[in-house]
């Protein structure tokens, strides 16, 4: 049965009364505003604060002995958190670790898989369009396939890794073109694989501007059918969309924890590496990725851990890691499937509300299977509308050229909140309220 339509404030309040996740909002401290920006930074929870305080106390009481006597011991804390994250991405417990930043993880994982197929100055390549038999052919390393709607850091990191191997990103970084600047279809990826010799496919799970959810399984199958590795940036889906990385055979993935997982600004990132690739030497080797059993023998020869932990670079920042432990308590208590169900219901309600406002266009796919956790509202005055919303106490963000991103994050957003956002959006355009704001970003005119 379809969810009841939220077509009035009364209907929104009725949905909230029936919402099994409604009580989770009490575990968060929100700014004094309608907070619709959890796809960029989630708020603090009492749970995250509790585990941070606990690690601070362990530091105070135990000092260096916290590495062995913490609860859990700090020495394996990143792996412990990886085990807890694994079910959220559909991975085996040793395939996930918390480490580094998202950008560093792109560097080390893309670099690792570039190296694994003979990329380098001596490859003798004639270029990614030279017609070789795929990434296993040593005479052509193959391209890295991305898309033109990627978050910029993905391209920066991949281009840097290519340059370090003497490969021109103009040739070896190939971007799938989007449809109307909004969406990337799996068929577009498949067509690009037919046209180019590709060694690695690296795509987001959710496009950060439009909120489109890509078909991870189909893209992975297409990459493997063409002899390429499949990697994903899950930054805009972890914690709001369930994944099955191991089951579908994804080779590697990266993500952050400060969005839907609410682990705090700049929280250390996560990474996944399929067991098939354990034992591979990371492109960015560091001592914390060494085999734990012999790490403190201080050998100068690097022996990678036989887990995803091998891709850790440096000592984990415990005070930055700690809030993630409590944040995971919240997600586990709610359940990722229930979170996804409410996320879809909230974004359904938002889409329906905006459809009634002729001035706006919804740029996010309507099909559940193609939608992440946020909604892209398009308007030629999107920047000034976002400023007007901010002045009204509605926290959203703007993405050029014409998108207001609105995220009703399911752990702390109500259906009544969504209805209220619709009221604000309507008033801003009905009264031309946005015209008070400088289109060049100079504030109120």
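Read-outs: derived from the displayed coordinates by stated rules, not from any lab. From a predicted model like this one, the values you see are computed outputs, not experimental measurements. Cβ placement follows ideal geometry from the backbone for every residue including glycine, while neighbour counts extend to all protein chains displayed.
A few comments on the model shown:
- Contour excess over end-to-end distance, with Cα ends at residue 221 and residue 356 and 0.36 nm allotted per residue: 44.7 nm
- At full extension, residue 306 and residue 380 could sit 21.5 nm farther apart than now, given 0.36 nm per residue minus the alpha carbon distance.
- Distance (nanometres) between label positions extended 7 Å along Cα→Cβ at residue 430 and residue 83: 5.6
- Normalised by the number of residues in the range 52-117, the average gap of Cα pairs under 8 Å and 6 or more apart makes the relative contact order 17 percent.
- The range 389-445 versus the range 262-324: alpha-carbon centroid distance in Å: 40
- Relative contact order, percent, the chain [alpha-carbon distance under 8 Å, six or more residues apart]: 21
- Label point distance in nm, residue 5-residue 49, each placed 7 Å from Cα along Cα→Cβ: 4.2
- Most mobile of 212, 161, 312 in a GNM of the chain (Cα contacts under 10 Å): 161
- Rounded to the nearest 10 degrees, the inclination of helix 216-225 to the longest alpha-carbon principal axis of the chain is 30 degrees.
- Between the beta carbons of residue 148 and residue 168, assuming R0 = 22 Å, the FRET efficiency works out to 0.75 to the nearest 0.05.
- The range 216-301 - Rg over Rh from alpha carbon coordinates, Kirkwood radius: 1.04
- Mean-square fluctuations from a GNM of the chain, with a 10 angstrom spring cutoff on Cα atoms, peak among 238, 110, 313 at 313.
- Gaussian network model of the chain, Cα within-10 Å springs - most flexible of 409, 178, 386: 178
- Per the Debye calculation on the range 161-264 with a single equal scatterer at every Cα and no solvent contribution, log₁₀ I(q)/I(0) for q = 0.18, 0.19, 0.24 Å⁻¹ amounts to -0.93, -1.02, -1.37.
- With 10 Å bins from 0: P(r) over the chain, alpha-carbon pairs, percent: 4, 20, 28, 25, 16, 6, 1
- Fully extended contour minus Cα-Cα distance, from residue 177 to residue 281, at 0.36 nm per residue: 34.1 nm
- Calculated FRET value between residue 14 and residue 390, using beta carbons and R₀ = 41 Å, to 0.05: 0.85
- Degrees separating the helix 152-164 axis from the principal Cα axis of the chain, which is the longest one: 10
- Between residue 57 and residue 440, the simple label model (points 7 Å from Cα in the Cβ direction) yields a spacing of 5.5 nm.
- FRET efficiency, 1/(1 + (r/R0)^6) with R0 25 Å, evaluated for residue 32 and residue 319 via beta carbons: 0.40
- For the chain, calculated [θ]222 nm from helices alone, where every DSSP H run of n ≥ 4 adds -39500 (n - 2.57): -11000 deg cm²/dmol
- Considering only the range 52-331, percent of DSSP beta bridges that pair antiparallel, nearest 5: 40
- Ordered by the count of other Cβ atoms within 10 Å of each Cβ, fewest first, 151, 113 give 151, 113.
- Degrees, to the nearest 10: 415-430 long Cα axis against longest axis of the chain: 70
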